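The values are calculated or read from the model by the stated rules, or taken from the named source; none is laboratory data. Just so we're clear, the structure is a prediction, and the values are computed from it rather than from any experiment. With ideal geometry, Cβ positions are generated from the backbone for all residues, glycine too; neighbour counts draw on all protein chains shown.
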């Protein structure tokens, strides 16, 4: 029997019989009755890619064909026609790939349209300067170059928007795979599902530190309690502190804290409960461990969780369950 296992959702290799795919986040179970022992999805996401992206891809195909035809008609030299065809065939092929929601195609074609915008503006400027200002067709030529440049720039903006839509949908599918349902809101059931997923990714070798752009406000840290001699206090964590993973707990959903990390500060062994949204994974001292599967998997899991929390705050801020999810723990509290 072949013991090699692959995720049927994204095709990534699975190591050590995980409950979740480290690449796409889908929940798994192993079908041991097959010779390949392939991982099968336990839940199937009902989230679909937006049709908006395909509409943009079709517009791109039409726009590219128009540019190609107009260019072939306007150019006289066969070398120029071949060069234009070679240049425009690339976005044409990419447009077909973008129709199938391929992110690499969306990124590449956005760059192509940005370059096309600059190229059209530069070539139009040079062409107009070389023409006589008494030419009867000068106004028409200016209009043609303006429309071409504007069209290419609009397509660039549209594809940037399409990239955002596809990336969001990819994340929604990952969230749905982890949570086991299409309800992506922050509630008790979903937090417990994410907690289980994260506990599979973190271990006692995983080190954390504060995210560099977040100032841990002392009022928030002490829950508005009276502060004495804060400058000399070491009772709250600092952005530069390093923490070891201990265990998970949940607190005050109405405050948006979500999953807390029970973490031990390396310098003095003090234990704190810190929101995972306020942390990042520290690079290990051993450079080989930095590129290990476990370290990369933990980074992806934390990033996915933090993006889910941001998604919930932006979309479900008025529907957060709070009554049955409040604990006595204060954020950043020293246990």
So, in the range 198-212, how many residues would count as being in contact with a helix residue (DSSP H, G or I) (Cβ under 9 Å, 6 or more places away or on another chain) and either free of Cβ contacts under 8 Å to residues at least 40 places away in the same chain or loosely packed, with under 13 Cβ neighbours inside 10 Å (or both)?
1
Got at least one residue in the range 30-48 being at pLDDT below 60 and in contact with a helix residue (DSSP H, G or I) (Cβ under 7 Å, 6 or more places away or on another chain)?
yes
Output for the range 306-335, where each listed residue is at pLDDT 80 or above, surrounded by 18 or more Cβ atoms within 10 Å (Cβ to Cβ) and out of contact with any helix residue (DSSP H, G or I) (no Cβ under 6 Å at 6 or more places or on another chain):
312
Whether any residue in the range 175-184 is modelled with pLDDT of 85 or more and either out of contact with any helix residue (DSSP H, G or I) (no Cβ under 7 Å at 6 or more places or on another chain) or closer than 22 Å to residue 66 by Cα (or both) is what I want to check.
yes
